[in-house]
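Structure record follows, encoded as structure tokens.
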Amino acid sequence: MKIGSWIKSNLKYLIKPIVTIKLMIFFLMGSVSPLYPTIKQGTLEFLAGRYQVDDPRFKAVYAENGRLYGMDLSANLLSPLNFYLEIKYFRKEGALTYTKEKSIFYLLPVSLGLRVIIPIWILHPFIGAGTDFYTYYEDNPIGTVLNFTNGYHLTAGLYLQAGKLPLFLSARLKYTRALAEEEKGRRIQLGGLESSLGFGFIF
């Protein structure tokens, strides 16, 4: 049977999938041209979440994880490329391994990075990477430590825009690698997994 004759005899069966495919293409093309305003210049975002330091020695004193608070300021460079600056605060109380005396740990992470944001209707998924500068302070009966270290991170998340208003909600995961030098050449991994939620303003 010739191809032309086969198409004519089965045309009614082909119409439905062809129309379905066209509708799907139309929907996808429409979805990448959002009905709602996108991030034009940048964002100001307030974050709250949990942070878990990877190092086993840290976990032995301060347990699993703690609360993290922060702020994110971003600026669009060339769509969909976005530059961001994050400043966060982490505090954790624990007990020394042997004496069980109180120990307090403070961490101030500052992160710089680039991410790609893809607007899909009211959703703005993103993925990015960057560098980190950690300031940390520990106080207990053994002594006090004030030190600094550098690191790097990977992050991924999602913005959910609140209709036509210049407001959004967000959710993200971030993993940081930051090794700090201690006495006698020992190192401690202060990086770890961060999960956070946020809300902010688009400008």
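What follows draws every value from the coordinates through simple rules; no lab data is involved. It should be emphasised that the depicted structure is a prediction, and the values quoted were computed from it without experimental measurement. Note: ideal-geometry Cβ built from the backbone for every residue, glycine included; neighbour counts use all protein chains shown.
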> By the scheme Lys and Arg +1, Asp and Glu -1, what is the net charge of all other residues having a beta-carbon under 10 Å from that of Asn147?
Replying inline: -3
> Along the principal axes of its C-alpha atoms, what lengths does the stretch 90-150 span, in descending order and rounded to whole Å?
Replying inline: 56, 22, 14
> Does the stretch 42-202 come out rounded, prolate or oblate by the C-alpha gyration tensor, with a ≥ b ≥ c the root eigenvalues, rounded set by a/c under 1.5 and, if not, prolate when a/b is larger than b/c and oblate if not?
Replying inline: prolate
> In percent, what relative contact order does the stretch 42-202 have, based on Cα pairs under 8 Å that are 6 or more apart in sequence?
Replying inline: 22 percent
>> Neighbour counts of other C-beta atoms within 10 Å: give me Leu47, Leu81 arranged from fewest to most.
In response: Leu81, Leu47
> Going by how many other beta carbons lie within 10 Å of each one, how would you line up Arg177, Arg115, fewest first?
Replying inline: Arg177, Arg115
>> With θ taken as phi - 60° and the coefficients 6.51, -1.76 and 1.60, list the Karplus ³J(HN,Hα) couplings across the stretch 162-169 in order, rounded to whole Hz; mark glycine and proline as x.
In response: 8, x, 8, 6, x, 10, 8, 10
> Cross-link partners among aspartates and glutamates for Lys102, C-alpha distance below 17 Å, same-chain residues fewer than 8 apart left out?
Replying inline: Glu64, Glu93, Glu138, Asp139
> Most exposed first by the Cβ proxy, i.e. fewest other Cβ within 10 Å, how do Ser195, Ser103 rank?
Replying inline: Ser195, Ser103
> Residue by residue, what Karplus-based ³J(HN,Hα) values in Hz, rounded to whole numbers, does the stretch 142-151 have, using 6.51, -1.76 and 1.60 with θ = phi - 60° and x for Gly and Pro?
Replying inline: 6, x, 10, 9, 10, 8, 9, 7, 10, x
